[in-house]
1. Given a Förster distance of 25 Å, report the FRET efficiency between residue 248 and residue 280 from their Cβ-Cβ distance, rounded to the nearest 0.05.
2. Expected output is a single nm value to one decimal: the length gained when fully extending between residue 438 and residue 147, i.e. 0.36 nm times separation in residues minus the C-alpha distance. What is it?
3. Report in % the part of the accessible area of the stretch 191-332 that belongs to carbon and sulfur, leaving out ligands and nucleic acids; probe 1.4 Å.
4. What is the percent carbon and sulfur in the accessible area of the stretch 397-442, measuring with a 1.4 Å probe over the protein chains and ignoring ligands?
5. For each pair in 186/233; 35/233; 11/155, compute the distance between the two Cα atoms and list the pairs where it is over 31 Å.
6. Let me know the charge dipole size of the stretch 386-477 about its Cα centre in debye, to the nearest 20, where only the beta-carbon of Lys, Arg (+1) and Asp, Glu (-1) is charged.
7. Grab the Cα-Cα distance for residue 22 and residue 44, subtract it from 0.36 nm times how many residues apart they are, and report the gain in nm with one decimal.
8. How large is ³J(HN,Hα) for each residue in the stretch 181-188, as worked out from phi by the Karplus curve 6.51 cos²θ - 1.76 cosθ + 1.60 (θ = phi - 60°), to whole Hz, x for Gly and Pro?
Amino acid sequence: MDDFLKSIPHKFSAEETKLLKRAFELSRQAHTGQKRKSGENYFTHPMGAAIILGQIFPDATTLAATLLHDVSEDTKITLEDIKKDFGAEISRLVDGVTKLGHVRLKKGSDGAYLENLRKLFIATGEDVRVIMIKLADRLHNMRTIEFLPEDKGKKVATETLEIYAPIAGRLGIGSWKDELEDLSFKIVLPKDYEQTKTLLDQELLRRDENIKAMVKNLRHIFHTEGAKYLDIKGRVKRLYSLYNKLKKYDGDISKIYDIIAVRIIAKSTADCYSILGVIHSHFQPVPGRIKDFIATPKPNGYQSLHTTVFDQSGNVIEIQIRTDLMHEEAERGIAAHWFYAEAGKPENGEALRAPWLQELQAWQADEPGDAKEHLENLKIDFFRDRIFIFTPQGDIKDLPVGASVIDFAFAVHSDLGYHMMGAKINGRIAKLTAELKKGDVVEIIKSKKEVKLSRDWLEAAKTGNARNKIRHYLNEHDKSIIQRVKELKLKDFTLPRFFRKK
Ligand code: MN
């Protein structure tokens, strides 16, 4: 227990320590006699998951639930027992994780898989902490995956790559997303993994001197110019993200500028911008590659300044500048936000909800409809890259890449979608089906009456939200046409035949 507490970088209150001790002891005793595939005591797993979670989210309640997350399912202790001993909040978290645990990819049964995925989303909709526990649980399992039989390991790794790593990314927990991806990449695509690793190793060897020289050079420049910074070092791109980027550029590694980047940590936002200025006054920036994610953070909250410059030898190097707090948030995402922003902290027993989970719940509450169709839409929304679109009032809408004016209108308000008759992109008249680009300002021209939605819109709409609404409208509309045709047929054909028979 002492080692466990020491491994978590946080000072718990006496009361919190007591709670953690009780959960620790109950779990340890309940799992006594159970072994993991590695031969270790089973308790090493819930403890390992709690240690992982404790690094980014040292919240005693959530950690107690993590320690207990497999108890109700695998031991004699029931959920009721947990509720009695630890209260409703912890038992609800454990219950949520247990529900997630039941979601399995059923082989050869597409419908079952989709239905399961649906359940997963419903279960996670309750509280983001449930997902954080599940992700810590999955990360610990992935770190020890070599003990699983090959086919089982592949299944777990595929699920991790397709579902859990993107969720970690969506929550902004970069450190977990990276590790989940690279651990499962190695198992799901072993050949590609080795190939990418060889390429990266070669590149590191080739660029090592170059990067070291750049770091030394920058230190010298910052010193003479009096630019304030906390840390400066090289950072290497993760294998899975390099693999995906290579696919995009047909395997041409020379087109990828950020394989090795220089990362500068500063104390304040103002320091970040002045460092950027100093860098640009010494090194020629590559046009079009300056990205200000401080002024406009990514949808998952990521903030940084990115620039790419030519060094003295003409090599291209990406430089990332951020404050220590931004760095912390990039690694810990929603966990950092919640833990440090007291205002956002839920009251006793209240669930922690991310905005996109609220949308998901609202969607779930809609008519059930065709589960498969809905899920496909949802999967696209969920895993695709996002772009920012502005309303004329300066509000930001977060949409998937490829989204059109139609998606934007329905994202602002469904009523706007049903009344749109025209649009302006950056002040110029545009088609409703026009594809939007990052940073576009879109104004929708509204009609007083409800307009007739066209079937073409379905093709131009990329978000599940817009597609569902258009499809719903078209279905309603089609139904009445079919109804009318049926009535006509009755009159024109059935009746005469009826007479003929007579
Ligand atoms: Mn577990």
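The values are calculated or read from the model by the stated rules, or taken from the named source; none is laboratory data. It should be emphasised that the depicted structure is a prediction, and the values quoted were computed from it without experimental measurement. Virtual Cβ from ideal backbone geometry, glycine too; neighbours counted across all protein chains shown. With ligands, DNA and RNA removed, areas are computed over all heavy atoms of the protein, side chains included. Shrake-Rupley method; radii C 1.70, N 1.55, O 1.52, S 1.80 Å.
1. Using R0 = 25 Å, I get an efficiency of 0.35.
2. Here the answer is 100.3 nm.
3. Its accessible area is 51 percent carbon and sulfur atoms.
4. Carbon and sulfur atoms account for 53 percent of the accessible area of the stretch 397-442.
5. 35/233; 11/155
6. 140
7. Using 0.36 nm per residue and subtracting the Cα-Cα distance, I get 6.3 nm.
8. 5, 5, 5, 7, 3, 4, 8, 6
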